[in-house]
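Each remark here refers to the structure printed beneath this line.
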């Protein structure tokens with residue numbers, strides 16, 4: 001496999017999608033062959049919703065988790081094919097988000113860590129990023145971006161803060177454990193893009 005896999009993780013509102021698009025565009029300007037892969041492809045979102053609604057999948061149920069693992073596996077397969085073609089693959093989220101959720105929430109959090117690792121391995125088949133970037137942003141900053149930047153409606157702000165505080169703590173621990181590079185995303189995109197692009201250049205040279 002001659003390609004390079006670059007993954008970006010972080011909570012909602014950290015700037016993942018913006019950074020992934022920026023990296024993709026800059027690499028293309030450099031003449032690189034780039035493939036961007038996502039777990040949920042926007043053009044297929046109606047299909048995703050049709051399955052969830054049609055089968056009444058509860059987001060906290062085992063069925064929903066396995067459905068998402070199917071999507072993760074499909075994403076990993078597309079990434080692997082692109083890597084085998086020598087492309088640089090850029091993706092918003094990888095396996096860290098799986099662990100963040102299932103170690104802390106839902107039925108799977110009560111299972112053993114070995115089982116969670118096994119389930120993740122079935123989907124990702126131990127395909128690890130050559131560069132993993134975790135965008136570290138405060139919960140308050142992320143909420144501001146979501147509500148006032150994107151217009152998201154948050155019905156219970158305190159509950160949202162409690163949820164994402166747990167998520168941020170888990171992300172930080174996992175990023176350090178798995179060797180991901182933490183980038184401070186609190187001060188706006190300009191500094192983030194400079195830091196991230198330097199990291200990208202080092203791994204693709």
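Express as a percent, rounded to the nearest 5, the fraction of DSSP beta bridges in the chain (both residues included) that run antiparallel.
Here the share of antiparallel DSSP bridges comes out near 0 percent.
Using Cα centres only, tell me the gap between the range 25-56 and the range 130-205 in whole Å.
Centre-to-centre distance over Cα atoms comes out at 20 Å.
With a ≥ b ≥ c taken as the square roots of the eigenvalues of the C-alpha gyration tensor of the range 22-63, please select rounded if a/c is under 1.5 and otherwise prolate if a/b is larger than b/c or oblate if it is not?
prolate
Determine, for each peptide in 20-26, 89-95, the mean count of other beta carbons within 10 angstrom over its residues, then list the peptides with the highest first.
89-95, 20-26
Applying a 10 Å radius around every beta-carbon, put 133-140, 122-129, 74-81 in order of their mean neighbour count, most first.
Packing order, densest peptide first, comes out as 133-140, 74-81, 122-129.
Would you kindly state how much longer the chain becomes between residue 32 and residue 45 on full extension, computed as 0.36 nm times their sequence separation minus their alpha carbon distance, in nm to one decimal?
Gain in length upon complete extension: 1.8 nm.
Sorted by mean Cβ packing within 10 Å, highest first, what order do the peptides 172-181, 149-158 take?
Peptide ranking by packing, descending: 172-181, 149-158.
Per DSSP H run of n ≥ 4, the term is -39500 (n - 2.57); total these for the chain, divide by its residue number, and report the mean residue ellipticity at 222 nm rounded to 500 deg cm²/dmol.
Dividing the helical sum by the residues of the chain leaves -17500 deg cm²/dmol.
Could you calculate the contour length gain from residue 73 to residue 156, that is, 0.36 nm times the residue separation minus the distance between their Cα atoms, to one decimal place in nm?
Length gained between residue 73 and residue 156: 26.6 nm.
Using only the alpha carbon atoms of the range 4-204, find the Kirkwood hydrodynamic radius as the inverse mean reciprocal pair distance, in angstroms to one decimal.
That comes to 17.8 Å for the range 4-204.
For the range 34-119, take the convex hull of the Cα atoms, compute a quarter of its surface area, and give me that in nm², please.
6.1 nm²
From the convex hull of the Cα coordinates of the range 99-192, what is the mean projected area in square nanometres?
7.5 nm²
Rule-based calculations on the coordinates, nothing more; no lab input. This structure is a prediction, so every number in the text was calculated from the model and none was measured. Every residue, glycine as well, gets a Cβ built from its backbone with ideal geometry; the counts of neighbours run over all protein chains shown.
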